[in-house]
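Chemist: Quick one: this structure, given as structure tokens, is what I'll be asking you about.
The values are calculated or read from the model by the stated rules, or taken from the named source; none is laboratory data. This is a predicted model, so every value here is computed, not measured. Glycine gets a Cβ as well: all are built from the backbone with ideal geometry, and neighbour counts include every protein chain shown.
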Amino acid sequence: MFEGKTLTVRALETGFAELCFDNGAKPVNVFDRQTVTELSSALDALAGSQIKGLLVTSAKKVFIAGADISEFGPAFGAGKEQLKGFLSVNNANFNRLENLPFPSVVAINGFALGGGFEFCLACDYRILSSAAQVGFPEVGLGILPGWGGTVRSPRLAGLANALKWVAEGKQHRADDALVDGFVDEVVDPDTLRQAALARLKSAVDSPAAYRSRRQQKAQPLMISADQAAAIESSALEAIRKKLGDHYPAPQVAIKTMVSAVNKPFEEALEAEFDGFYRLSKTPEARALIGNFLSDQKLSSVARKYASASPGPVRRAAVLGAGTMGGGIAYQNAVRGFAVFMKDINQSALDLGIGEARGLLDKRVQRGALSQEKADSVLAAITPSLSYDGMAECDIVIEAVVEKEAVKKAVLAEVEREVPESTILASNTSSILISSIAEALERPENFCGLHFFNPVHAMPLVEVVRGQKTSDVTVARAVEHVLGMGKKPVVVNDCPGFLVNRVLFPYFAGFNLLMRDGADFKDLDRVMEGWGWPMGPAYLLDVIGIDVAVHAADVMADGFPDRLKLDFPQATHLMAEHKRLGQKNGKGFYLYESGAKGKLAKQNDPETWSILSSHVAERQRFGEDDIVARMMVPMCIEMARCLEEGITGSPAEADMALLYGLGFPRFRGGVFRWLEEIGMAQFCAMADRFSHLGKLYEPTEAMRGMAADNRRYYSQ
């Protein structure tokens, strides 16, 4: 009946037709321009046919992932009418689907998200595989559903359920979708098609039922103003408690849906578009959509590296147990790798196994893992005090103490125990990979694998290429990081690599502010208000002040012109007084175990008694000045990293900070933020603090961009 490149319609022997989405050119089905156009043609063919009912299926494992986000840029940059035109074609498609002269049943075999799920809502019945997930993730992109999702969902599932689903932006399992009223039936994947066809036959035999459903979606809910206001207030309170006020999309979505719930269908669609348009013009939407595209870039680069790997890792080794080593061993084992964990001390091995066991126990308690599976994962980790078995490993990840001499000695020793094909990697956070490689006979087989703590929770792993690291080593390391379920970013060797290199200028800005009389509690409050998950003093306490001081000294030796500070630094003073942060219960703050064992932060007057004789008289700084003095050094250092080729692109750099440091997502990373404020304005901001030294001096390339009005991403 119709055949396109992304979907087809064929007649079935039963008198039904099947519309099958199958974008063979892409790994998943999406509503790109071509699919939208072909859906219009398919609906033309269906409207003029004599069929009795329509079955909708997907030939991909993912039903429909949603809209093609890469097409948003031009549409969002246009005017209101142009954006409306962009959305209206598929809105018209869904309305036509909903009003075909015969019933429709969609068999949802995999993920149906965003526009993909909105399409499903326009069908008369939704049969869901028990393995599938559905939802509206649009608020995660800073927008709201734009193809009728805010209108149909409350009329099908009730206002409270619809507000929760749209405002939270989560993916939902099949059983939740059924309970909340978004689907009609959940079946085993093997019986999905059969169940959908049975439902379609039933609808044909009882037309009043599906026509009643259509009427339900078309008419207002007619709930009282008081009831709507109460539901709205509850939803807004819940989302503000969870996200704060940095993310406008959930709040706009809630208000839009409540305002439209008693309106006729077409007026409700107009309200949806107005909310969508307002959000499309926000900096948060630009940043969050940018994050999505940058993440695709990061994944694409990683897959390209991994494609050159000579073969997958079958067995991994972790050299050095303890908390970090145990975390790395756990991450390998939970992703299906056999792990050999070696240390010289039984107590360290016990600590490493204990770390892995603790993480598995938490997953079992949450119901995310069966006890049987947890036991098998733990059994995949083989602790050892000797090298017996190390020769069977394809990759060895060293995680011993952060001392160059120790790492050199340990890696040189293990190199003699493994085949020439084995990859060696160091989990160092600051020591030059090229320097450690001097102790090795096969430096081409050596790279950095910098995990972030806690390993199981932090997505990023920096794959560090030393001066002699081979392409094959990088490829195999990237492939293994992907296999561990992490986000690899390949960087070139330098002090601090990428993430720590840009973090410590931020900490230098903190120490300069402290020198000049700032209150660290004010700095934490302002930077957390700006969007960081932790302020600088709190973050230092979490990292461990002794660890931070050691890394700061390494960085200062590497970049003395801007990081060698000639005054007593607050961080160093804390370390000298054995205030190491959360690890010993006192740093800038005091810490005591609170509910569920979580450390509770408390103020401690003793902090200022330590600092007072070394800093200026305490004074209040304006919030804009605090943000500038903290962020300008980080931004300039990141620009240097890009200019020096430490990182491959602005997208990779931005995602590294999001995944490695928790950079505020709604700001999109350093380069996205620079795009938003403009390079000329940034340089002017930096120049206000030029008296503070080279740390606040933009690069010549940055000044050239400001003069020429050039942008990082447009390049």
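Chemist: Against the conditions (1) closer than 19 Å to MET484 by Cα; (2) of a type in the set (Gly, Ala, Ser); (3) in contact with a helix residue (DSSP H, G or I) (Cβ under 8 Å, 6 or more places away or on another chain), where does ALA368 fall short? Just the number, please.
Modeler: (3)
Chemist: I would also like to ask the following. Could you go through the stretch 496-517 and let me know if any residue there is charged (D, E, K, R), touching a residue at least 24 places away in the same chain (Cβ under 8 Å) and surrounded by fewer than 24 Cβ atoms within 10 Å (Cβ to Cβ).
Modeler: Step one: filter the stretch 496-517 for residues charged (D, E, K, R), giving 501, 515-516.
Checking which are touching a residue at least 24 places away in the same chain (Cβ under 8 Å) leaves us with 501, 515-516.
Next cut, surrounded by fewer than 24 Cβ atoms within 10 Å (Cβ to Cβ) only: 515-516.
Yes, the conditions are met somewhere in the stretch 496-517.
Chemist: Are there helices (runs of 4 or more DSSP H) fully within the stretch 611-677 with at least 2 residues that are in contact with a strand residue (DSSP E or B) (Cβ under 7 Å, 6 or more places away or on another chain), of a type in the set (Gly, Ala, Ser) and farther than 18 Å from ASP522 by Cβ? List them.
Modeler: Numbers: elements: 623-643, 650-661, 670-677.
Helices (runs of 4 or more DSSP H) meeting the threshold: 650-661.
Chemist: Could you list all residues from the stretch 543-577 that are under 21 Å from GLU606 (Cα atoms) and part of a helix (DSSP H, G or I)? Spell out how you get there, then give the answer.
Modeler: So the first thing to find is which residues in the stretch 543-577 are under 21 Å from GLU606 (Cα atoms), and the list is 543-546, 548-549, 567-577.
Scanning the stretch 543-577 gives ILE543, ILE545, ASP546, ALA548, VAL549, ALA570, THR571, HIS572, LEU573, MET574, ALA575, GLU576.
Chemist: Could you run through the stretch 252-272 and say how many residues are crowded, with 21+ Cβ neighbours inside 10 Å and either polar (S, T, N, Q) or on the phi > 0 side of the Ramachandran plot (or both)?
Modeler: 1
Chemist: Quick one: count up the residues across the stretch 236-263 that are of a type outside the set (Ser, Thr, Tyr) and within 20 Å of TYR277 (Cβ to Cβ).
Modeler: Narrowing the stretch 236-263 to residues of a type outside the set (Ser, Thr, Tyr): 236-246, 248-255, 257-258, 260-263.
Narrowing the set further to residues that are within 20 Å of TYR277 (Cβ to Cβ) leaves 248-255, 257-258, 260-261, 263.
Qualifying residue count, the stretch 236-263: 13.
Chemist: Here is a follow-up. Could you give every pair whose Cβ atoms fall below 7 Å, whose first residue belongs to the stretch 608-623 and is basic (Lys, Arg), and whose second residue is surrounded by 13 or more Cβ atoms within 10 Å (Cβ to Cβ), counting only separations of at least 6 or pairs across chains?
Modeler: Note: pairs meeting the criteria are ARG618/GLY517; ARG618/ASP519; ARG620/ASP522.
Chemist: Could I ask something else about it? Select from the stretch 9-25 the residues that are without any contact (Cβ under 8 Å) to a residue 24 or more places away in the chain and either of a type in the set (Val, Ile, Thr) or assigned to a strand (DSSP E or B) (or both) and list them in ascending order.
Modeler: ARG10
Chemist: Show the residue pairs meeting these rules: Cβ distance below 6 Å; 6+ apart or different chains; first residue within the stretch 96-125 and closer than 18 Å to GLN194 by Cα and in contact (Cβ under 8 Å) with a residue 60 or more places away in the chain; second residue among the aliphatic types (A, V, I, L, M) and assigned to a helix (DSSP H, G or I).
Modeler: Every condition considered, the pairs that remain are PRO103/ALA203; VAL105/ALA196; VAL105/LEU200; ALA107/LEU192; ALA107/ALA196; ASN109/LEU192.
Chemist: Now for a different question. Quick one: which residue in LEU539, LEU590, LEU563, LEU580 is more than 24 Å from GLY660 (Cα to Cα), touching a helix residue (DSSP H, G or I) at 6+ places or on another chain (Cβ under 9 Å) and modelled with pLDDT of 95 or more?
Modeler: Values: LEU539 fails: more than 24 Å from GLY660 (Cα to Cα); LEU563 fails: more than 24 Å from GLY660 (Cα to Cα); LEU580 fails: more than 24 Å from GLY660 (Cα to Cα).
Going through LEU539, LEU590, LEU563, LEU580 in turn, the sole match is LEU590.
Chemist: I'd like to know if the stretch 686-693 contains one or more residues that are of a type in the set (A, V, I, L, M, F, W, C) and assigned to a loop (DSSP other than H, G, I, E, B). Talk me through it step by step, then tell me what you get.
Modeler: Taking the stretch 686-693 as the starting set, the residues that turn out to be of a type in the set (A, V, I, L, M, F, W, C) are 686, 689, 692.
Of the ones still in play, those that are also assigned to a loop (DSSP other than H, G, I, E, B) are 689.
For the stretch 686-693, residues of a type in the set (A, V, I, L, M, F, W, C) and assigned to a loop (DSSP other than H, G, I, E, B): present.
Chemist: Moving on. Is there a residue in the stretch 16-25 that is in contact with a Cys (Cβ under 7 Å, 6 or more places away or on another chain) and surrounded by fewer than 16 Cβ atoms within 10 Å (Cβ to Cβ)? Step through it out loud before you land on a result.
Modeler: Taking the stretch 16-25 first, the residues in contact with a Cys (Cβ under 7 Å, 6 or more places away or on another chain) are none.
Checked the stretch 16-25: no residue is in contact with a Cys (Cβ under 7 Å, 6 or more places away or on another chain) and surrounded by fewer than 16 Cβ atoms within 10 Å (Cβ to Cβ).
Chemist: Among (1) under 30 Å from ILE289 (Cβ atoms); (2) in a helix (DSSP H, G or I); (3) modelled with pLDDT of 95 or more, where does LEU178 come up short?
Modeler: All conditions pass for LEU178, except number (1).
Chemist: Is it the case, given these coordinates, that ALA203 is in the same structural domain as ILE127 (by TED's automatic domain parsing), more than 29 Å from the chain's Cα centre (by Cα) and either loosely packed, with under 13 Cβ neighbours inside 10 Å or not in a helix (DSSP H, G or I) (or both)? Give the derivation first.
Modeler: Details: in the same structural domain as ILE127 (by TED's automatic domain parsing): yes; more than 29 Å from the chain's Cα centre (by Cα): yes; either loosely packed, with under 13 Cβ neighbours inside 10 Å or not in a helix (DSSP H, G or I) (or both): no.
The answer is no for ALA203.
Chemist: If you scan the stretch 519-542, which residues turn out to be surrounded by 21 or more Cβ atoms within 10 Å (Cβ to Cβ) and assigned to a helix (DSSP H, G or I)?
Modeler: PHE520, LEU523, ASP524, VAL526, MET527, PRO536, ALA537, TYR538, LEU539, LEU540, ASP541
Chemist: In the stretch 437-483, how many are surrounded by fewer than 23 Cβ atoms within 10 Å (Cβ to Cβ) and not charged (D, E, K, R)?
Modeler: 18
Chemist: Give me the pairs, please: first residue somewhere in the stretch 578-601 and part of a strand (DSSP E or B), second residue anywhere and modelled with pLDDT of 95 or more and buried (at least 21 other Cβ atoms within 10 Å of the Cβ), beta-carbon distance under 7 Å, and either six or more positions apart or on two chains.
Modeler: Short answer, once both residue conditions are applied: GLY581/LEU540; GLY581/ASP541; GLY581/ILE545; GLY581/GLY587; LYS586/ARG579; LYS601/TYR538; LYS601/TYR589.
Chemist: Of these, VAL252, VAL261, which one is β-branched (Val, Ile, Thr) and within 30 Å of the chain's Cα centre (by Cα)? Steps first, answer last, please.
Modeler: Numbers: VAL261 fails: within 30 Å of the chain's Cα centre (by Cα).
Matching residue, one of VAL252, VAL261: VAL252.
Chemist: Among the residues of the stretch 423-436, what is the count of those that are at pLDDT 95 or above and either of a type outside the set (S, T, N, Q) or surrounded by 21 or more Cβ atoms within 10 Å (Cβ to Cβ) (or both)?
Modeler: Here is the first cut: in the stretch 423-436, the residues at pLDDT 95 or above are 423-427, 432-436.
Within this subset, residues satisfying the condition of being either of a type outside the set (S, T, N, Q) or surrounded by 21 or more Cβ atoms within 10 Å (Cβ to Cβ) (or both) are 423-427, 432-433, 436.
The total comes to 8.
Chemist: Give the stretch 41-64 a look and list any residue that's in a helix (DSSP H, G or I) and either among the aromatic types (Phe, Trp, Tyr) or surrounded by fewer than 17 Cβ atoms within 10 Å (Cβ to Cβ) (or both), or say none. Step through it out loud before you land on a result.
Modeler: Taking the stretch 41-64 first, the residues in a helix (DSSP H, G or I) are 41-47.
Once the filter is applied, which keeps residues that are in a helix (DSSP H, G or I) and either among the aromatic types (Phe, Trp, Tyr) or surrounded by fewer than 17 Cβ atoms within 10 Å (Cβ to Cβ) (or both), the stretch 41-64 yields SER41, ASP44, ALA45, ALA47.
Chemist: Go through (1) touching a Pro at 6+ places or on another chain (Cβ under 7 Å); (2) free of Cβ contacts under 8 Å to residues at least 60 places away in the same chain; (3) not polar (S, T, N, Q) and name the single condition GLU81 misses.
Modeler: Condition (1) is where GLU81 drops out.
Chemist: I would also like to ask the following. Which one of these does VAL406 not meet: (1) touching a helix residue (DSSP H, G or I) at 6+ places or on another chain (Cβ under 8 Å); (2) loosely packed, with under 15 Cβ neighbours inside 10 Å; (3) among the aliphatic types (A, V, I, L, M)?
Modeler: (1)
Chemist: Being on the phi > 0 side of the Ramachandran plot, under 29 Å from the mean Cα position of the chain (by Cα) and in contact (Cβ under 8 Å) with a residue 60 or more places away in the chain narrows it down to one residue among GLY662, GLY678, GLY648; which is it?
Modeler: GLY662
Chemist: Would you pick out the residues in the stretch 496-532 that are in contact with a Phe, Trp or Tyr (Cβ under 7 Å, 6 or more places away or on another chain) and within 21 Å of GLY466 (Cβ to Cβ)?
Modeler: GLY496
Chemist: Identify the single condition in (1) more than 25 Å from ASP519 (Cβ to Cβ); (2) touching an Asp or Glu at 6+ places or on another chain (Cβ under 8 Å) that ALA653 does not satisfy, given that it satisfies every other one.
Modeler: (2)
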